[in-house]
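**Student:** Questions regarding the structure given below will be posed in turn.
The values are calculated or read from the model by the stated rules, or taken from the named source; none is laboratory data. The structure presented is a predicted model; accordingly, all values stated were derived computationally and were not measured. Heads up, the Cβs are rebuilt from the backbone with ideal geometry, glycines too, and the neighbour counts pull from every protein chain shown. Calculation scope for accessible area: heavy atoms of the full protein, side chains included, ligands and nucleic acids excluded. Shrake-Rupley method; radii C 1.70, N 1.55, O 1.52, S 1.80 Å.
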Amino acid sequence: MDKTDLVKGQTVLLELDGECVIGKVLHLGSDRSFVRLQNVRDFQSNQPILGNQDYYNSEIRTIKIIEQGEPPATNDDQQQPQNGGSASSSAVSSSEAVAKINLEDIQTIFDRIDSHTFIHQTDMKYHDAIKYLKTQKLLALAVEGAEGGRCAENPSLLSIATPDRIFIFDIMWMSVTKDLKAILANPRVRRVIHNGRLAEDVLKHRFGAPLGRCFDTLVAHIATTKNYDYQSEISVEKCLAKYLNLPGNFFDPNITFADRPLTEPQRKAAAKNVAFLLTLQDYFVHEVMLEPFYASCNRYGTSLSSNADAIHTVIKLNKGRNDDLHDIERFELNVGGEELGE
C-alpha cells in the first residue's frame, strides 16, 4: 500500500494500543519520532481530550488520513529525519491509508450514536419511535445477545438505525412488540444487517418476528471477495476496517448486554454496532458491486464529449440514430461472477 506523508493541518485517525484518537496535526517532530495533535477526541467514546497531545512511534499502530490539510511547509516541522533517518520507516511519517469516510460523515454518525433513543417500555417515547420508523424505507438492524441463535441465553437489544436516527429497544424487558414485528417484516422496507443468520433465528423463533428481505454486509463481503472458506466470516468491526478503513480496535470487546439496568456506555456500544451499516452497504453497492456499471455509464456519457474534433460529434448526431447505445457493454456485477439479469 502506498504511503502518504503527514503534513500540518491534516485531520488524522491514530490507532494506538487499546484506543483510537482523532485530531488535527499541529506539529511533527524534527526526527518524525512523534506527532502532536490538537482538537483531539477519543474515537471510541467521541469524548474530547483536553489540550494538545503528543503520540510517539512506539505507541502508534496505524495512521489514517481523514481530511487533507494545508500543503507541506518548508519549516522545521516538515523536515525529513536527521542523522540519516528514513521517513518511510517512521510511523508518524506516513499513513497506512486514506479513510473512505470523511470527517463530516464520521461526526454525523457519532452524533447519532450520542443522541440515540433507548426504549424499554411502551410509553410515549416508544409510540413516537414507531410512528417515525413506519415512515422509513431504509433501516439497519442489529440484535445484541443473539449468540447461539434461538438457543441464545439472553437476547437483549434490538437496535434500529435510519439515515438520521438510532433506536435501541430493550427486547429483554419488553420483547418484540406487534408494531416492531410489522416494521421488521414490511416488504416495502429495505433492511441492512451484518451476519444476519443468528439475529434472524432469534427473532423468528424466540419472538415470532421473521425478517423481510435484508442486505447482509457479510454476504456482500463473501460474494465480492469470492472467498467461501468458513474462515472468511468476519465481524462487523473487521468489515468496517477493511472497506471503510476505520480502525481495527474501534469497538470495545469487553462490553456485554446481559446486565440490567444498562449503562450509558453499554447503550452507546449497541448504537455503534448498527451506526455504520448503512454507510457500509452504500460502499458495497456503489463502490464495489456497481463499479462495472458506473464504468459503462462513464464510457457512454463521454462518448460525445471525448471527441476532440467537433466534426465527429456532428457526424454522430446527424446519423439520426444513437450508435453509441450499441457500445454499452453487458457487465457483470462484482458478486460471484453472476451476470445481471441471469
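**Student:** Here are the criteria: (1) over 21 Å from Ser156 (Cβ atoms); (2) open to solvent by less than 40 Å² (accessible area, probe 1.4 Å); (3) in contact with a helix residue (DSSP H, G or I) (Cβ under 8 Å, 6 or more places away or on another chain); (4) outside any loop (DSSP other than H, G, I, E, B). Tell me which single one Gly212 does not satisfy.
**Tutor:** (4)
**Student:** Can you say whether Lys134 is open to solvent by 20 Å² or more (accessible area, probe 1.4 Å), over 23 Å from Glu264 (Cβ atoms), at pLDDT 95 or above and not aromatic (Phe, Trp, Tyr), as far as the supplied structure shows?
**Tutor:** Details: open to solvent by 20 Å² or more (accessible area, probe 1.4 Å): yes; over 23 Å from Glu264 (Cβ atoms): yes; at pLDDT 95 or above: yes; not aromatic (Phe, Trp, Tyr): yes.
For Lys134, the condition - open to solvent by 20 Å² or more (accessible area, probe 1.4 Å), over 23 Å from Glu264 (Cβ atoms), at pLDDT 95 or above and not aromatic (Phe, Trp, Tyr) - is met.
**Student:** Could you tell me whether the stretch 186-193 includes any residue that is touching a residue at least 12 places away in the same chain (Cβ under 8 Å), assigned to a loop (DSSP other than H, G, I, E, B) and under 21 Å from the mean Cα position of the chain (by Cα)?
**Tutor:** Let us first name the residues in the stretch 186-193 that are touching a residue at least 12 places away in the same chain (Cβ under 8 Å), namely 186-193.
Those left that are additionally assigned to a loop (DSSP other than H, G, I, E, B): 186-189.
Right, trim to under 21 Å from the mean Cα position of the chain (by Cα) and you get 189.
Yes; the residues of the stretch 186-193 include at least one that is touching a residue at least 12 places away in the same chain (Cβ under 8 Å), assigned to a loop (DSSP other than H, G, I, E, B) and under 21 Å from the mean Cα position of the chain (by Cα).
**Student:** Another question, then. So Asn245 clears everything in (1) within 10 Å of the chain's Cα centre (by Cα); (2) part of a helix (DSSP H, G or I) except one condition, right? Which one?
**Tutor:** Condition not satisfied by Asn245: (2).
**Student:** Also: All but one of (1) at pLDDT 95 or above; (2) out of contact with any Cys (no Cβ under 8 Å at 6 or more places or on another chain); (3) under 16 Å from Thr279 (Cβ atoms) hold for Arg191, so report the exception by its number.
**Tutor:** Against the list (1) at pLDDT 95 or above; (2) out of contact with any Cys (no Cβ under 8 Å at 6 or more places or on another chain); (3) under 16 Å from Thr279 (Cβ atoms), Arg191 comes up short only on (2).
**Student:** Which residue is farthest from Leu158 (Cα to Cα), if the candidates are limited to the stretch 102-131 and must be of a type in the set (S, T, N, Q) and open to solvent by 50 Å² or more (accessible area, probe 1.4 Å)?
**Tutor:** Restricting attention to the stretch 102-131, the residues satisfying the condition of being of a type in the set (S, T, N, Q) are 102, 107-108, 115, 117, 121-122.
Checking the rest, the ones that are also open to solvent by 50 Å² or more (accessible area, probe 1.4 Å) come to 102, 107-108, 115, 121-122.
On the way: Asn102: 28, Gln107: 23, Thr108: 22, Ser115: 17, Gln121: 13, Thr122: 14 Å.
Taking the candidates together, the pick is Asn102.
**Student:** Sticking with this structure for a sec: Need pairs with beta-carbon distance below 6 Å; first residue closer than 18 Å to Ile234 by Cα and touching a residue at least 12 places away in the same chain (Cβ under 8 Å) and within the stretch 194-205, second acidic (Asp, Glu) and open to solvent by 10 Å² or more (accessible area, probe 1.4 Å); sequence gap 6+ or separate chains.
**Tutor:** What qualifies is Gly196/Asp216.
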